[in-house]
1. From the list Arg170, Arg166, Arg109, Arg114, exactly one residue is surrounded by fewer than 17 Cβ atoms within 10 Å (Cβ to Cβ) and touching a residue at least 60 places away in the same chain (Cβ under 8 Å). Which is it?
2. Which of the residues spanning the stretch 192-216 are over 21 Å from Thr66 (Cβ atoms) and either surrounded by 15 or more Cβ atoms within 10 Å (Cβ to Cβ) or under 16 Å from the mean Cα position of the chain (by Cα) (or both)?
3. Which residues, taken from the stretch 347-379, are without any contact (Cβ under 8 Å) to a residue 24 or more places away in the chain and surrounded by 17 or more Cβ atoms within 10 Å (Cβ to Cβ)?
4. Quick check on the stretch 168-180. Is at least one of its residues within 38 Å of the chain's Cα centre (by Cα), in the same structural domain as Ala268 (by TED's automatic domain parsing) and in a helix (DSSP H, G or I)?
5. State whether one or more residues within the stretch 91-101 are in contact (Cβ under 8 Å) with a residue 60 or more places away in the chain, within 21 Å of the chain's Cα centre (by Cα), in a loop (DSSP other than H, G, I, E, B) and surrounded by 20 or more Cβ atoms within 10 Å (Cβ to Cβ).
6. If you scan the stretch 247-293, which residues turn out to be farther than 24 Å from Leu96 by Cα and in a loop (DSSP other than H, G, I, E, B)?
7. From the list Gly104, Gly27, Gly51, Gly77, which residue is farther than 29 Å from Asp124 by Cβ, of a type outside the set (D, E, K, R) and assigned by TED's automatic domain parsing to the domain that holds Lys122?
8. Among the residues that make up the stretch 152-175, is at least one of them under 30 Å from Lys255 (Cα atoms) and of a type in the set (Gly, Ala, Ser)?
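The values are calculated or read from the model by the stated rules, or taken from the named source; none is laboratory data. In this text, all values refer to a predicted model and were calculated from it rather than measured experimentally. Positions of Cβ are generated from backbone atoms using ideal geometry, with glycine treated the same way; all protein chains shown enter the neighbour counts.
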Amino acid sequence: MNVTIALTMFWVPVRRICHWGPLTALGIIKCVTFMTVHCSSMWWPPTDTIGGCLNSGIFLVFSLLTLYNFLNAIYEGPGYLPLHWRPEKEEAEEFLQYCNTCEGYKAPRSHHCRKCKRCVMKMDHHCPWINNCVGHLNHTHFTLFLFFAVCGCLQASVVLSCSLYRAINRVWYLYYGTGHEPIVYLSMSTLAFCVFCLGLSIGVVLAVGMLLYFQMRAILRNQTGIEDWIVEKAKHRRLGSDSVFIYPYNLGWKKNFIQVINLSCTPAGDGIEWPVCAGCDQYSLTREQQEQKAEKRVRARPYQAISDYSGSWVPITQGWRVLCHPPFTDEPRIRLHRGDNVMVTRWRRYWLFGERLLNDETAPRQRGWFPRRCVVEVDGGSGEPVPDRKRK
């Protein structure tokens, strides 16, 4: 029994990092760090001048802080709601959504992650680079990881660019230089690796810098990526009416910032109850979610599968139009068999999103995308096919 517990304690953290996302991120950090330190030792030697020492020291600090916050974002986790969670006041249950997988209610700002298979507190998104969700507990570390990664790679881009220029023009400096310029020597293999690492560092600055921008915007507005979509639909529902939806968690950018970013890297609050602005309560957003889901159920239409679909993300057998126009989302695809019934809630030109209707009520829900050509809309009462209506 003790051996089993020991193996479990060893395997759980290893499994978290043994994924293409964390391994790729660690590989990028290692490559860029190694090459930058190597080039810095020739381009601006830390042993010769104070400036060279500061340059290398600052870069190593950026690299270590990137790695530290990266690992903390992975292992700290976003914070999960306890299984079978219920609010303290029973009357509050009517304002909350129920999670069939976790067999409990979802606290305000909590959402179920199908990849983590748990309800996540203040879920922003599931990030493959950390193989975990970004949520209440690790939002600080994740944001700092992005910030130090961008700073480190920005410095690395300058160092590698200058070193590459010096290495390519090494002979010119030897013959026509003053003799005081640093000589950077790179073999063919290290030259190729330097170009590769320069591409990585520039790519990180651009891609991760954009992600950092979105995270900072979310923090300053106190509005997660999922809540962006909820608020957008809430405003769309009220177009043409006098009512206005007030987002309850925006307390002003200063208070919003302090809730997430602080010296202790510990987020404010317990992840269940949140301070709200005037005119709102703890369940303002959850009530809006319930109304949106009720409208979605009204819009849902019954469809029946007329051909099989394997659930593949690359449906070669479904035709080139289906293959070349996939829904740009990481939401799942569902397998369909001829005769299956599906309730469709979203329409695209070549794809539909819906829930497969199962006879077993205890079975987990199967929701996802599938090709439009595999199904036909049926009359809810008679079960007869009806003319297909194109929806956006």
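1. Details: Arg170 fails: touching a residue at least 60 places away in the same chain (Cβ under 8 Å); Arg166 fails: surrounded by fewer than 17 Cβ atoms within 10 Å (Cβ to Cβ); Arg109 fails: surrounded by fewer than 17 Cβ atoms within 10 Å (Cβ to Cβ).
Testing whether each residue is surrounded by fewer than 17 Cβ atoms within 10 Å (Cβ to Cβ) and touching a residue at least 60 places away in the same chain (Cβ under 8 Å) leaves just Arg114.
2. First, pick out the residues of the stretch 192-216 that are over 21 Å from Thr66 (Cβ atoms): 192, 195.
Once the filter is applied, which keeps residues that are over 21 Å from Thr66 (Cβ atoms) and either surrounded by 15 or more Cβ atoms within 10 Å (Cβ to Cβ) or under 16 Å from the mean Cα position of the chain (by Cα) (or both), the stretch 192-216 yields nothing.
3. The one that is without any contact (Cβ under 8 Å) to a residue 24 or more places away in the chain and surrounded by 17 or more Cβ atoms within 10 Å (Cβ to Cβ): Arg356.
4. Taking the stretch 168-180 as the starting set, the residues that turn out to be within 38 Å of the chain's Cα centre (by Cα) are none.
No; the residues of the stretch 168-180 include none that is within 38 Å of the chain's Cα centre (by Cα), in the same structural domain as Ala268 (by TED's automatic domain parsing) and in a helix (DSSP H, G or I).
5. Scanning the stretch 91-101 turns up no residue that is in contact (Cβ under 8 Å) with a residue 60 or more places away in the chain, within 21 Å of the chain's Cα centre (by Cα), in a loop (DSSP other than H, G, I, E, B) and surrounded by 20 or more Cβ atoms within 10 Å (Cβ to Cβ).
6. If the condition is that a residue be farther than 24 Å from Leu96 by Cα and in a loop (DSSP other than H, G, I, E, B), then Gly252, Ile261, Asn262, Leu263, Ser264, Cys265, Thr266 are the ones that fit.
7. Values: Gly104 fails: farther than 29 Å from Asp124 by Cβ; Gly27 fails: farther than 29 Å from Asp124 by Cβ; Gly77 fails: farther than 29 Å from Asp124 by Cβ.
Going through Gly104, Gly27, Gly51, Gly77 in turn, just one is farther than 29 Å from Asp124 by Cβ, of a type outside the set (D, E, K, R) and assigned by TED's automatic domain parsing to the domain that holds Lys122: Gly51.
8. yes
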